[in-house]
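Where a number appears in this text, it was derived from the coordinates with a stated rule and is not lab data. Since the model is a prediction, treat every value here as computed from it, not as a measurement. Here the Cβ positions follow ideal geometry from the backbone for every residue, glycine too, while neighbour counts run over all protein chains shown.
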Amino acid sequence: MARTARRHFYTFVFFALFALVFTAFLLVAGYYYLAGAPNASLQSFTPGLPALFLGFMARNEFRAWRAARKTEARLKAKAAAAAVAERVG
């Protein structure tokens, strides 16, 4: 069964929220790395790496949400046209 546009939207918001949280880890690690903190190394960036994957997943869900929304609108228009044709005909 196809997922509704609403479910795609909620999944997109969920992924986008967590992508932002992990992006904050990347930004903080980048700040300390560029500021020359003694314990900052490239390994400091690893907690923020899920932001990349979550960002791509959020983008895919956003695209699926738009496609589902268009499909639902097309089906509603088709049903409305059929109802009008039935009343007229």
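If the condition is being more than 27 Å from the chain's Cα centre (by Cα) and either of a type in the set (Phe, Trp, Tyr) or within 30 Å of Arg69 (Cβ to Cβ) (or both), then the range 7-47 contributes Tyr32, Tyr33. Among the residues of the range 1-39, write down those that are touching a residue at least 60 places away in the same chain (Cβ under 8 Å) and of a type in the set (A, V, I, L, M, F, W, C). Hits for the range 1-39 are Ala2, Ala5.
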